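The values are calculated or read from the model by the stated rules, or taken from the named source; none is laboratory data. Fair warning: this is a prediction, and the values are worked out from it, not measured in the lab. Neighbour counts are summed over all protein chains in view; Cβ atoms, including those assigned to glycine, are modelled from backbone coordinates with ideal geometry. The accessibility values were calculated without ligands, DNA or RNA, using every heavy atom of the protein model including side chains. Shrake-Rupley method; radii C 1.70, N 1.55, O 1.52, S 1.80 Å.
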Amino acid sequence: MTAVTTPAIPGLETTTSDEPTKRSRSLNWRHIGLAAILIVPNMILLGLFTYRPLIDNFRISFYNWNISSPDMRFVGLGNYIEWFTDDTSWQIARNTLIFTLVAVIGSMALGLALALLLDQHLRARNMVRTMVFAPYVISGAAIGVAFQFVFDPGYGLVQDVLGRLGLDTPAFYQHSGWALFMITTTYVWKNLGYTFVIYLAALQGRRSDLDEAAEIDGTPAWRKFWRVTLPQLKGTTFFLSVTVLLNSFQVFDIIQVMTEGGPFGTGTSTLIYQVYQETFVNNRAGYGAAVATIMFLIVLVVTLVQVKLQDKQD
Amino acid sequence: MATTRRSLLGMAGAGSAALALAACAGGSTSAGGGGGGKGEEGDGSIQFWSNHPGSSKDLEQKIIDAWNKDNPDNQAKLIDGGASYEELGQKFNAALAGGGLPDLIVASDVTWFNFAFTGTTTAMDDLWKEAEVDSDDFVDTLREDYEYDGKHYGMPYSRSTTLMYFNTEVMKKAGLPTDKGPETWEQFAEWAPKILDANGGKPAIVIPDGSDYLDWFFQGIIWTFGGNYSKEWTPTFTEQGSIDAATFLQEQVAAGHIGIEKDAANAFSIGNSSGLLQSTGSLGGLKESAEFDFHTTYLPGPTPGACTGGAGIAIPEGISDERKVMAMKFADFLTSTQNTITFSQATGYMPVRKSAMEDAEETKYLEENPNAMTAIRQLSENTAPQDYARVFVSGGGQRIGAGLDRIAIAQEDVATVMKDLQDETQKVIDRDITPNL
Amino acid sequence: MTMTNDAQAVLPPVPGLEDDDPPQLTPAQKKRATSRHLAFQGGTAGKLLGYFGMLAAVLLFFVPLYFIVVTSLKTHGDIYSNPISWLPNPFAPENYSYVINEVRFDKYLRNSVIITGILTVVEVSLGVMTAYGLSFLRFPGRNLLFLLVIASLMVPNQITVISNYALVASWGWRNTFQGIIVPLAAVAFGTFLMRNHFLSLPKEIMEAAELDGTGFFRTLFRVVLPMSWPTLVAFTLITVVNEWNQYLWPFLMSDTDAVAPLPIGLTQLQDNEGLTNWGPVMAGTVLTTVPMLIVFLILQKQMIKGLTAGAVKG
């Protein structure tokens, strides 16, 4: 190993930095070789099964292609222009925005709260942890099916409870706003297990010496959380904000099973649902590819912004 | 991690690297690329892709076992086609792009046409001759449903029709006949208040909503008012008859006579309505779950007041000729008189052969199950093939269903919604159909 | 997030001279060690709040889950009774035997275990390797590669399936295990998670190991991974769940119960045009979920064990 700097003494280190040490402007061939062994297999898989179709999809988006047909017709930017000038696109974009915002903020805040709660030594916490994680384990399609028994205005759980309280049940399936609410709630409920588990792992792995220091100082609980715990979760929070966002853009099963993108055709359609609908139901693979590309670009920009913000903070 | 100009430039580099990778990897999705070319050979077995309509997996397997016994050299295999007709379509489209075509697929009333139109399923008339299939024995309307441009691109398999179900007790209480339904929709509007009175104000009938084929159920209704979704390739949503029908629906829903539900069959079976407009396929399930007596009737006329639905069998064009003939022989067996009788009795779909009606056992069954008989009789007396706008125009069902939801549930202005449907359908026809006719 | 070994009462461990046994703790130290990771230490008030929060969490999660289980034990008529029956009446455990018999459950279960097992092992290995390489090796373009990894999470699977189908079918892998497994084996999420975590490890540990002459790979197994246990377990858990519930790709690739996993077998229970009996469908859901819950219970214990293995305090 080539150690050029003086060895760091554990406990006396003052800075943590990510920059490569100044010496290496030249290529570190050993590292490159190791990198090849470690990284290349995964990149090959990603390249072959994710990027190749993505590029292909981009190419297809310039054509008018009936998915079953052997023929494709070049239309240039026609599909993109169509999307931007179509009325329904804006409702779909709006649905996607609302759904994503609520899903990200909701599942992260609630997930953190639950992790904090169940990090403590309370009785039966193992059982509760399992219960919190259980919805994540169930497939989206099954949850969509099961939740009809929660939301159906005729025989569902909600109408039963509201009825006892003397309230009317909203028409979840037949009113756009309520349908979107239903989908979003269902998804957040299902996804809490994910944010919960990640936050829990982070909490369990945090530095107990800092906790101890705060204890010794007599820091009140709330302050301790804000000043000691939360900053250590910054990396995890960034990670979750990116992955939950990416996940929520891809939610499909729940929407398809519960509302099929409706009511009224696009009431709960999101961009990904539109991709499916156009490609496989309307048989317009080219247009669907264009929507998918638009979606990809939107997500890419949003994620880059998130990364930039994170960098600024560091 | 800093996003520097360097890394952005690097992304461009990566982009071109990925392009190179794409080029190298080959096998890109394209029209006619990959497999699915002409005359694809199979592996010697007959691959039957089915989504088991009517929970028929075991039944299909039994039929296949019987075939396999008599045809050891041409074994049939039941391949999972997913949970719905749409999923099966997805899988078939994947095979069209990538190879591995099956010998037969199940295609629904709205999915079969696109395959025929793009030339990916084969015309059957010649095959019928070659495989010595008695195509005249198919029930005429069911067979003609698959006709396009002079040829037939499918054969009936699990066919259903829309049917009305009524709670017998309630009808008696309302002083209305229990051996037939209203003869016209006007008569229904007269009956409805009586039915409501007899059952505590619950809707006289419930119909599934747009996500559950309201557009299919409404097809018959629109005809009785002299309207159509379309006449051949010309959308006719804005014609007076169509508008009248939609207005009628809207008014009846507003008056509480007709209910629109996500799960209409269950709403009926737990007694939340006095009647139901649904498929014959629901008959079996309702028999089990409803705790009251019900009877089935025709949809109101004047004829035609109902349409057919369900699925048929299609054979891919891209397989070899020997495979096609073999597939046709199997399809013939699958829909043979005996098998269609067994199939329909178990699932609630209709027998697809005329000769089934002459079978002694079947006649006995139908006498004992008059509700099953209604659908069969209605077939010849009250049905017609569906309008192009729903079954031939891609996404037609969804489009019309969403529009009808707006009219019935959201109570939007009928003329506006119908105009929207007219324009959208016309747009799709101009863009996707007309250039390829 | 990790524990550093800087303690107050014990000399810092000298890198290279450590043995692998955890240091001996006095009983008092042990007690302090276990009570260390409380985010809120507000005494009784905090505990009450904790239990109240747990109750809320239980209600929120338990009730729909209870509903799913209870529906799986109801007869068809009872499911739609109005008002809702909170207890099955009559009790219908035959739904479960119906599912198991009707659906060739054993075959689909076996397939699921094989597919999920192999995928998890492959993905976790690739994820750790890739993350390790991206975190600790210096070579040109490493940030870019990482961006590519994240970007692959933005690609919706609706558009990759047809293209991948074409490619994999051309290899003759239709209806085979490898055809299902290989395209799913690329790891983006896990790479992101582990890299995030690795970068948060204090530099002095790595540099101490470097100084000490520990080989690159040895460092991974002896130093880095033990400090990453909770996160690694979370990664494994999420991967297992995701792959267990995969539907679309296995559906397209598989033909029969020779290779198809559970989610596909269960769709048999649903009816296209008639009335679906939701009791067996819910029973199928429960049967599919239970193995995942067992995995969770086992793994989450590991998460805690991982903590105490690294939580050496003076």
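Restrict the check to the range A:193-204 and report whether at least one residue is more than 30 Å from residue A:300 (Cα to Cα) and under 27 Å from the mean Cα position of the chain (by Cα).
Looking through the range A:193-204, at least one residue is more than 30 Å from residue A:300 (Cα to Cα) and under 27 Å from the mean Cα position of the chain (by Cα).
Quick check on the range B:367-389. Is at least one of its residues closer than 30 Å to residue B:100 by Cα, more than 13 Å from every other protein chain (Cβ to nearest Cβ) and out of contact with any strand residue (DSSP E or B) (no Cβ under 6 Å at 6 or more places or on another chain)? No, the conditions are met nowhere in the range B:367-389.
On the stretch given as the range B:332-385, residues that are touching a Leu at 6+ places or on another chain (Cβ under 8 Å), assigned to a helix (DSSP H, G or I) and among the β-branched types (Val, Ile, Thr) total 4. Scan the range A:242-253 for residues that are assigned to a helix (DSSP H, G or I), of a type in the set (S, T, N, Q) and open to solvent by 20 Å² or more (accessible area, probe 1.4 Å) and the total you get is 1. Taken together, B:91, B:77 contain a single residue that is facing chain C (nearest Cβ under 10 Å), open to solvent by less than 30 Å² (accessible area, probe 1.4 Å) and of a type in the set (Lys, Arg), which is B:91.
As a summary of the residue check, residue A:102 satisfies the conditions (1) within 13 Å of another protein chain (Cβ to nearest Cβ); (2) touching a Ser or Thr at 6+ places or on another chain (Cβ under 6 Å); (3) open to solvent by 50 Å² or more (accessible area, probe 1.4 Å); (4) in a helix (DSSP H, G or I) except for the one numbered (1). Exactly one residue out of B:82, B:54 is under 17 Å from residue B:340 (Cβ atoms) and assigned to a loop (DSSP other than H, G, I, E, B), and it is B:54. Is at least one residue of the range B:330-340 more than 30 Å from residue A:170 (Cα to Cα), over 21 Å from the mean Cα position of the chain (by Cα) and among the hydrophobic types (A, V, I, L, M, F, W, C)? Yes; the residues of the range B:330-340 include at least one that is more than 30 Å from residue A:170 (Cα to Cα), over 21 Å from the mean Cα position of the chain (by Cα) and among the hydrophobic types (A, V, I, L, M, F, W, C). Out of A:167, A:122, one residue alone is outside any helix (DSSP H, G or I), of a type outside the set (Val, Ile, Thr) and at pLDDT below 85. It is A:122. Among the conditions (1) open to solvent by less than 10 Å² (accessible area, probe 1.4 Å); (2) in contact with a Phe, Trp or Tyr (Cβ under 8 Å, 6 or more places away or on another chain); (3) within 14 Å of chain B (Cβ to nearest Cβ); (4) within 21 Å of residue C:264 (Cβ to Cβ), residue C:157 misses just one, which is (1).
Checked against the criterion of being more than 20 Å from residue B:164 (Cα to Cα), open to solvent by less than 10 Å² (accessible area, probe 1.4 Å), aliphatic (A, V, I, L, M) and over 14 Å from the mean Cα position of the chain (by Cα), the range B:355-376 contains one or more residues that satisfy it. Could you look through the range A:60-88, keep only residues that are under 24 Å from residue A:250 (Cα atoms) and without any contact (Cβ under 8 Å) to a residue 60 or more places away in the chain, and pick out the one that is most open to solvent (accessible area, probe 1.4 Å)? Checked the range A:60-88; the qualifying residue most open to solvent (accessible area, probe 1.4 Å) is A:87.
Looking at A:238, A:172, A:181, A:225, which one is open to solvent by less than 10 Å² (accessible area, probe 1.4 Å) and under 28 Å from the mean Cα position of the chain (by Cα)? Selected residue: A:172, the only one of A:238, A:172, A:181, A:225 that is open to solvent by less than 10 Å² (accessible area, probe 1.4 Å) and under 28 Å from the mean Cα position of the chain (by Cα). The set of residues in the range C:168-212 that are free of Cβ contacts under 8 Å to residues at least 60 places away in the same chain, within 24 Å of residue B:93 (Cα to Cα) and crowded, with 23+ Cβ neighbours inside 10 Å contains only C:169. Scanning the range B:194-207 for residues that are within 14 Å of chain A (Cβ to nearest Cβ) and surrounded by fewer than 23 Cβ atoms within 10 Å (Cβ to Cβ) turns up just one, B:202.
Filtered by the rule that a residue be more than 21 Å from residue A:53 (Cα to Cα), in contact with a helix residue (DSSP H, G or I) (Cβ under 7 Å, 6 or more places away or on another chain) and among the hydrophobic types (A, V, I, L, M, F, W, C), the range A:293-314 gives a lone residue, A:302. Considering (1) modelled with pLDDT under 95; (2) more than 30 Å from residue A:65 (Cα to Cα); (3) not hydroxyl-bearing (Ser, Thr, Tyr); (4) not assigned by TED's automatic domain parsing to the domain that holds residue B:91, the lone condition that residue B:398 does not fulfil carries the number (2). Restricting attention to the range A:142-155, report how many residues are farther than 16 Å from residue C:72 by Cα, at the interface with another protein chain (Cβ under 7 Å from one of its Cβ atoms) and in a helix (DSSP H, G or I). Of the residues in the range A:142-155, 0 are farther than 16 Å from residue C:72 by Cα, at the interface with another protein chain (Cβ under 7 Å from one of its Cβ atoms) and in a helix (DSSP H, G or I). Only one entry of A:229, A:293 meets the criterion of being more than 14 Å from chain B (Cβ to nearest Cβ) and assigned to a helix (DSSP H, G or I), and that entry is A:229. The residues listed here are C:222, C:195; of these, the one that is more than 12 Å from chain B (Cβ to nearest Cβ) and not small (Gly, Ala, Ser) is C:222. The single residue among B:98, B:119 that is in contact with a Phe, Trp or Tyr (Cβ under 6 Å, 6 or more places away or on another chain) and under 17 Å from residue B:39 (Cα atoms) turns out to be B:98. All of (1) in contact with a strand residue (DSSP E or B) (Cβ under 8 Å, 6 or more places away or on another chain); (2) crowded, with 22+ Cβ neighbours inside 10 Å hold for residue B:426 with one exception: (2). One residue alone among A:310, A:256 is over 29 Å from residue A:62 (Cβ atoms) and either open to solvent by 10 Å² or more (accessible area, probe 1.4 Å) or in contact with a strand residue (DSSP E or B) (Cβ under 6 Å, 6 or more places away or on another chain) (or both), and that residue is A:310.
Let's see how each residue does on (1) surrounded by fewer than 24 Cβ atoms within 10 Å (Cβ to Cβ); (2) at pLDDT 95 or above; (3) within 14 Å of chain C (Cβ to nearest Cβ):
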{"position": "B:234", "(1), (2), (3)": "yes, yes, no"}
{"position": "B:238", "(1), (2), (3)": "yes, yes, no"}
{"position": "B:242", "(1), (2), (3)": "no, yes, no"}
{"position": "B:258", "(1), (2), (3)": "no, yes, no"}
{"position": "B:268", "(1), (2), (3)": "no, no, yes"}
{"position": "B:276", "(1), (2), (3)": "no, yes, yes"}
{"position": "B:285", "(1), (2), (3)": "yes, no, yes"}
{"position": "B:288", "(1), (2), (3)": "yes, no, yes"}
{"position": "B:312", "(1), (2), (3)": "no, yes, yes"}
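Just one of the numbered conditions (1) without any contact (Cβ under 8 Å) to a residue 24 or more places away in the chain; (2) closer than 28 Å to residue C:191 by Cβ; (3) among the aliphatic types (A, V, I, L, M) is not true of residue A:54: (1).
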